[in-house]
Amino acid sequence: ILVGNPFNCSCGLRWLQLWQNGSRAELGNQSLGCWEGSVLVPLGSQVLRACDPPTVRIEPPEVVLRQGDSVNLTCHVSANPPATAEWVVPEVGPELLVLSDHEIILEINNVSSSLNHKDLTCWAENAAGPAEDSVMLNITFPPVILLLDKALPRHSWCIPFSVDGNPVPGIRWLFNGTALVEGRYIHTLIMEYEHNSTILHGCLQLNRPTHVNNGNYTLLVRNPLGSAARSVQVRFMDNPFSFSPEEPIPVTLHLLPAPGTRNSSQEGPVETTDEHTLGVSVAVALAVFACLSLSVMLILLNKCGRRSKFGINRSAVLAQEDDLAMSLHFMNLGSSPLSSAESKLEGLKSNFIENPQYFCNACVHHVQRRDIVLKWELGEGAFGKVFLAECYNLLPEQEKMLVAVKALKEATESARLDFQREAELLTVLQHEHIVKFYGVCTEGEPLIMVFEYMKHGDLNRFLR
């Protein structure tokens, strides 16, 4: 509110007159005047001759240069009455100069990247008011890594970094000297762009990393003018194993060196792929032979029809109908309607003898696919692959645990039925000397079975 102030008409009121005519600060709604001697004259209509704020213009209006170059900026000032002027340079401050020839030259030698995207301002002022003009420097320079720190546990683990460069550099990572392939669970995220700057602040985000993610992470940045690299050692958790699960278990046997070969007496034998395949083949053959023998014995018992020396009636162990269908029916535990064949077996249910040491009454447990995180492949069989995995929310007393999962290769109708029958049978087979079966995951493909992880591998490999 300026009404009633005793202004004297002079060039010093020119800025206020311009504000009033432009309705700035709501001065257009006020009746302002100035005293011309003893006469009060309206300020808006008062003629103040040879009295205007200066005009300022910078040449060149745009500046693109490389780091280390030199540049001259000329500020042209036109002013009546005369004005004083200055250059305002960031991180340097204003330098006041008195105009003599209506221009000021700013000379910058060995331009620093710290001036990139910064405004250089030429400011001038006379009795009528101030004026200014600015130019932004566009300085190109090779990338630099300002920060690379150790991993921080946030919502996801974050390896923080800050980089700068013009043009904007590309960002890549190495893990233990090998190119890191980014994806859904490991990826680079830019968190913040600094105002009036090319500095980028970001994270290499890792979702649920384990000991396999421990190691050396190298940040690589590159643009057309150069590159930079920096490394950091990161440790997320200790290795829960006393050995690496993908490597053969060392043994204490010593082999005599073959003639003409190097001495290998100090090295334990390493199981080859052929030996492993042979061992598996032998185990499978023995299992098939045992099944055939058992089948023959059951057929003979069925033909005999007499009471055994143990006093167990044949009909109490085997029914007249299909034995496999009957056993699967008892394992199914009511999860599906009875078929006509199964309904015939209902009456025989009371005669079926189960060993309570091996069988329990439980339904097939379903595991959420989002709770299964595959780590690496352990092996491959005829029907699918076996992976080491982490499983969350499996047991109430553990947030996560290591498990072995078997993924079905082909999800045909017959394979699905076999998958279901095996799951039902494994669910009721519970014993301390049998690998524990935790459940299945049937969301999408592939179908998955979740087992207890045996860190020493199968019995054949362990004994070898």
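Residue-by-condition table, conditions (1) within 28 Å of residue 116 (Cβ to Cβ); (2) of a type in the set (Val, Ile, Thr):
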{"position": "131", "(1), (2)": "yes, no"}
{"position": "147", "(1), (2)": "yes, no"}
{"position": "157", "(1), (2)": "no, no"}
{"position": "170", "(1), (2)": "yes, no"}
{"position": "176", "(1), (2)": "no, no"}
{"position": "186", "(1), (2)": "no, yes"}
{"position": "189", "(1), (2)": "yes, no"}
{"position": "202", "(1), (2)": "yes, no"}
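If you go through region 143-159 one residue at a time, do you hit one that is under 30 Å from residue 87 (Cβ atoms), more than 20 Å from the chain's Cα centre (by Cα), assigned to a strand (DSSP E or B) and among the aliphatic types (A, V, I, L, M)? Checked region 143-159: at least one residue is under 30 Å from residue 87 (Cβ atoms), more than 20 Å from the chain's Cα centre (by Cα), assigned to a strand (DSSP E or B) and among the aliphatic types (A, V, I, L, M).
Looking only at region 17-63, residues that are of a type outside the set (A, V, I, L, M, F, W, C), touching a residue at least 24 places away in the same chain (Cβ under 8 Å) and in a strand (DSSP E or B) come to 7 in all.
Would you confirm, using the coordinates I've provided, whether residue 455 is touching a strand residue (DSSP E or B) at 6+ places or on another chain (Cβ under 9 Å) and part of a loop (DSSP other than H, G, I, E, B)? Answer is yes for this residue. Take the conditions closer than 23 Å to residue 115 by Cβ, outside the structural domain of residue 453 (by the TED database) and open to solvent by 50 Å² or more (accessible area, probe 1.4 Å) and apply them to residue 227. Does it pass? The answer is yes for residue 227. So residue 106 fits all but one of (1) among the aliphatic types (A, V, I, L, M); (2) in contact with a Phe, Trp or Tyr (Cβ under 6 Å, 6 or more places away or on another chain); (3) not in a strand (DSSP E or B); what number is the exception? Looking at each condition in turn, residue 106 falls short on (3).
I'd like to know if region 29-36 contains one or more residues that are open to solvent by less than 80 Å² (accessible area, probe 1.4 Å), under 60 Å from the mean Cα position of the chain (by Cα) and not assigned by the TED database to the domain that holds residue 197. Looking through region 29-36, none of the residues is open to solvent by less than 80 Å² (accessible area, probe 1.4 Å), under 60 Å from the mean Cα position of the chain (by Cα) and not assigned by the TED database to the domain that holds residue 197.
Checking each residue of region 410-417 against the condition of being under 15 Å from residue 451 (Cβ atoms), assigned by the TED database to the domain that holds residue 441 and not small (Gly, Ala, Ser) gives no match. Of the residues making up region 127-160, those that are within 18 Å of residue 75 (Cα to Cα), touching a Lys or Arg at 6+ places or on another chain (Cβ under 9 Å) and surrounded by 19 or more Cβ atoms within 10 Å (Cβ to Cβ) number 2.
In the set (1) at positive phi; (2) touching a residue at least 60 places away in the same chain (Cβ under 8 Å); (3) open to solvent by 40 Å² or more (accessible area, probe 1.4 Å), the condition left unmet by residue 177 is number (2).
One residue alone among 168, 163 is under 30 Å from residue 136 (Cβ atoms) and open to solvent by 60 Å² or more (accessible area, probe 1.4 Å), and that residue is 168. Count of region 419-443 residues, restricted to those that are out of contact with any strand residue (DSSP E or B) (no Cβ under 7 Å at 6 or more places or on another chain), surrounded by 13 or more Cβ atoms within 10 Å (Cβ to Cβ) and free of Cβ contacts under 8 Å to residues at least 60 places away in the same chain, is 2. Any chance region 50-61 includes a residue that's open to solvent by 80 Å² or more (accessible area, probe 1.4 Å), under 30 Å from residue 166 (Cα atoms) and of a type in the set (D, E, K, R)? Within region 50-61, one or more residues are open to solvent by 80 Å² or more (accessible area, probe 1.4 Å), under 30 Å from residue 166 (Cα atoms) and of a type in the set (D, E, K, R). Among residues of region 444-455 being open to solvent by less than 80 Å² (accessible area, probe 1.4 Å) and not hydroxyl-bearing (Ser, Thr, Tyr), the one that is modelled with the lowest pLDDT is 444. Evaluate the following for residue 195: is it modelled with pLDDT of 55 or more and more than 30 Å from residue 370 (Cα to Cα)? For residue 195, the condition - modelled with pLDDT of 55 or more and more than 30 Å from residue 370 (Cα to Cα) - is met.
The values are calculated or read from the model by the stated rules, or taken from the named source; none is laboratory data. Since the model is a prediction, treat every value here as computed from it, not as a measurement. We place every Cβ from the backbone using ideal geometry, glycine too, and count neighbours over all the protein chains shown. Quick note on the areas: whole protein, heavy atoms, side chains included, nothing else; ligands and nucleic acids left out. Shrake-Rupley method; radii C 1.70, N 1.55, O 1.52, S 1.80 Å.
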